[in-house]
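*Asks:* Submitted below is the structure of interest, expressed as structure tokens.
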Amino acid sequence: MRVSALLLGCILLCSPLAAQQKKAILPIKDYHFTTVKEIPVTSIKNQYRSGTCWCFSSLSFLESEVIKGKNLTDEKTWPDLSEMFVVRYAYHDRAIKYVRLDGKLNFAQGSDFGDVLEVVRDYGIISQEAYTGMNYGTPLPVQGELNAGLRGYLDAIRTNPNQKLTPNWVKGFDGIMDAYLGEVPETFEVNGVTYTPESYRDALGINTDDFIGLTSFTHHPFYKPFAIEVEDNWRWTQSWNLPLDEFMAVIDNAVENGYTVLWGGDVSEPGFTREGLAILLAESGKTSGSDQERWTGKAEEKEEKASKTLPAEEEVTQESRQIGFDNKTTTDDHGMHLYGIAKDQNGTKYYLIKNSWGETGKFKGIWYMSENFCKAKTLNIVVNKKALPKDIQKKLGIK
């Protein structure tokens, strides 16, 4: 992922990178985890060959919000929201801004959590059954051609060949999306009830003003919002800035009180493996390939010989965290959904993370992220305002 009036901090996530170095695979079989706290989340999805983690993670977060808000104990009643509905309208809004700025804006598949929340606020939401957005013949998202076609169209339009733009270019852009994603239905049914996207959002009880984005860096003042300086933050979404200890306290307080957390950050580290582990090793490395392979390496890479002792992790301070952002070793890679706390056999704290790469790895699409990794490599989070500790609510002036 990546992630205004909403002041929702979001990172710009999932943008393709140049070729990177191969990474080692950690001995995941040495780790034994015990769940301490777990909050209900919907099923694992697969973004496949699309840079849309920002959308998959955000909708998973909103689904958990609905489950909590309506106290839905029966999984059959849990919502399944359409990622491509959001992607479509995000593309639409970005295209208009791209042309207004004469192409001086990053137009790519990656985006931010605030993008999702603004789309839901302005356009509503729709069920996955009513709109899959898979009109181009593949069972899972493969969107390189779509993105290239949209970008090529916009680059032709922004040159203003007639010396005066007509409003028809927007219709043409939307027509390309109709061809690839399908036309959005004006109404649809869920459990026998007819909805519009707006009425469905309201029936689910989703109010985007309920959420707040947070980050922790020293190049801006604490307890003030700012737009994180990453290239895909095209909506210039803002995050409230907290000291690191308070930032981490928000995550813990959220989980302890039954709220999940939208997580965005760096997954290009050697300690982030395709087998479901994220720990903060001293070495750095990069990978390439599809969205999953880009960050974790090829499936055929062989696991190294297991060590009897779990690898040591680096310690994290506010200063080291800032250095990582400033020197570009902490990068803007991916968005996921944090929904619980666990411990390994040594008592080390981890967070349960729902990914969007399908049921991959030892834990079938779930990652165990160490507290140190989270401290160092999180760029931003989004939480329900009710998940903030009372003292932090007061410092931010949040009610």
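*Asks:* If the Cβ limit is 7 Å and pairs must be 6+ apart or interchain, which residue in segment 120-148 that is farther than 14 Å from LEU181 by Cα pairs with which residue that is of a type in the set (Asp, Glu) and at pLDDT 95 or above?
*Replies:* Between residues of segment 120-148 that are farther than 14 Å from LEU181 by Cα and residues that are of a type in the set (Asp, Glu) and at pLDDT 95 or above, the close pairs are GLY124/GLU198; SER127/ASP80.
*Asks:* Scan segment 108-122 for residues that are out of contact with any Leu (no Cβ under 8 Å at 6 or more places or on another chain), under 25 Å from GLY152 (Cβ atoms) and not in a loop (DSSP other than H, G, I, E, B) and report the count. Even if it seems obvious, please write down each step before you answer.
*Replies:* Of all residues in segment 108-122, those out of contact with any Leu (no Cβ under 8 Å at 6 or more places or on another chain) come to 108-109, 115, 119, 122.
From what's left, under 25 Å from GLY152 (Cβ atoms): 108-109, 115, 119.
Checking which are not in a loop (DSSP other than H, G, I, E, B) leaves us with 115, 119.
So the answer is 2.
*Asks:* Separate question: Being part of a helix (DSSP H, G or I) and at pLDDT below 95: is that true of LYS29 here? Lay out the reasoning, then the answer.
*Replies:* Details: part of a helix (DSSP H, G or I): yes; at pLDDT below 95: yes.
Yes, satisfied.
*Asks:* Among the listed residues VAL255, VAL230, VAL261, VAL267, which satisfies the condition of being over 22 Å from ALA90 (Cβ atoms) and among the β-branched types (Val, Ile, Thr)? Step through it out loud before you land on a result.
*Replies:* Numbers: VAL230 fails: over 22 Å from ALA90 (Cβ atoms); VAL261 fails: over 22 Å from ALA90 (Cβ atoms); VAL267 fails: over 22 Å from ALA90 (Cβ atoms).
Among VAL255, VAL230, VAL261, VAL267, only VAL255 is over 22 Å from ALA90 (Cβ atoms) and among the β-branched types (Val, Ile, Thr).
*Asks:* Go through the residues of segment 217-234 one by one and say whether even a single one is modelled with pLDDT of 95 or more, closer than 21 Å to SER60 by Cα and in a strand (DSSP E or B).
*Replies:* Looking through segment 217-234, none of the residues is modelled with pLDDT of 95 or more, closer than 21 Å to SER60 by Cα and in a strand (DSSP E or B).
*Asks:* Something else now. Just give me the residues in segment 123-171 being under 25 Å from the mean Cα position of the chain (by Cα), among the polar types (S, T, N, Q) and either more than 21 Å from CYS53 (Cα to Cα) or in a loop (DSSP other than H, G, I, E, B) (or both), in sequence order.
*Replies:* The initial filter retains those residues of segment 123-171 that are under 25 Å from the mean Cα position of the chain (by Cα), namely 123-136, 138-151.
If we keep only those that are among the polar types (S, T, N, Q) too, we end up with 127-128, 132, 135, 138, 143, 147.
Of everything in segment 123-171, those that are under 25 Å from the mean Cα position of the chain (by Cα), among the polar types (S, T, N, Q) and either more than 21 Å from CYS53 (Cα to Cα) or in a loop (DSSP other than H, G, I, E, B) (or both) turn out to be GLN128, THR132, ASN135, THR138, GLN143.
*Asks:* Quick one: GLY271 ticks every box in (1) closer than 20 Å to LEU117 by Cα; (2) more than 19 Å from the chain's Cα centre (by Cα); (3) crowded, with 23+ Cβ neighbours inside 10 Å; (4) of a type in the set (Gly, Ala, Ser) bar one, so which box is it?
*Replies:* Answer for GLY271: the failing condition is (1).
*Asks:* Same structure, new question: Would you say PHE61 is under 18 Å from LYS354 (Cα atoms), surrounded by fewer than 24 Cβ atoms within 10 Å (Cβ to Cβ), aromatic (Phe, Trp, Tyr) and at pLDDT 50 or above?
*Replies:* Working: under 18 Å from LYS354 (Cα atoms): yes; surrounded by fewer than 24 Cβ atoms within 10 Å (Cβ to Cβ): no; aromatic (Phe, Trp, Tyr): yes; at pLDDT 50 or above: yes.
It is false that PHE61 is under 18 Å from LYS354 (Cα atoms), surrounded by fewer than 24 Cβ atoms within 10 Å (Cβ to Cβ), aromatic (Phe, Trp, Tyr) and at pLDDT 50 or above.
*Asks:* Any residue that is of a type in the set (D, E, K, R), within 17 Å of VAL316 (Cβ to Cβ) and either in a helix (DSSP H, G or I) or more than 17 Å from the chain's Cα centre (by Cα) (or both) - is there at least one of those in segment 237-247?
*Replies:* Filtering segment 237-247 down to residues of a type in the set (D, E, K, R) leaves 245-246.
Narrowing the set further to residues that are within 17 Å of VAL316 (Cβ to Cβ) leaves 245-246.
From what's left, either in a helix (DSSP H, G or I) or more than 17 Å from the chain's Cα centre (by Cα) (or both): 245-246.
Checking segment 237-247: at least one residue is of a type in the set (D, E, K, R), within 17 Å of VAL316 (Cβ to Cβ) and either in a helix (DSSP H, G or I) or more than 17 Å from the chain's Cα centre (by Cα) (or both).
The values are calculated or read from the model by the stated rules, or taken from the named source; none is laboratory data. What you see is a predicted model; the values in this text were computed from it and never measured. Neighbour counts run over all protein chains shown; Cβ positions are idealised from the backbone, glycine included.
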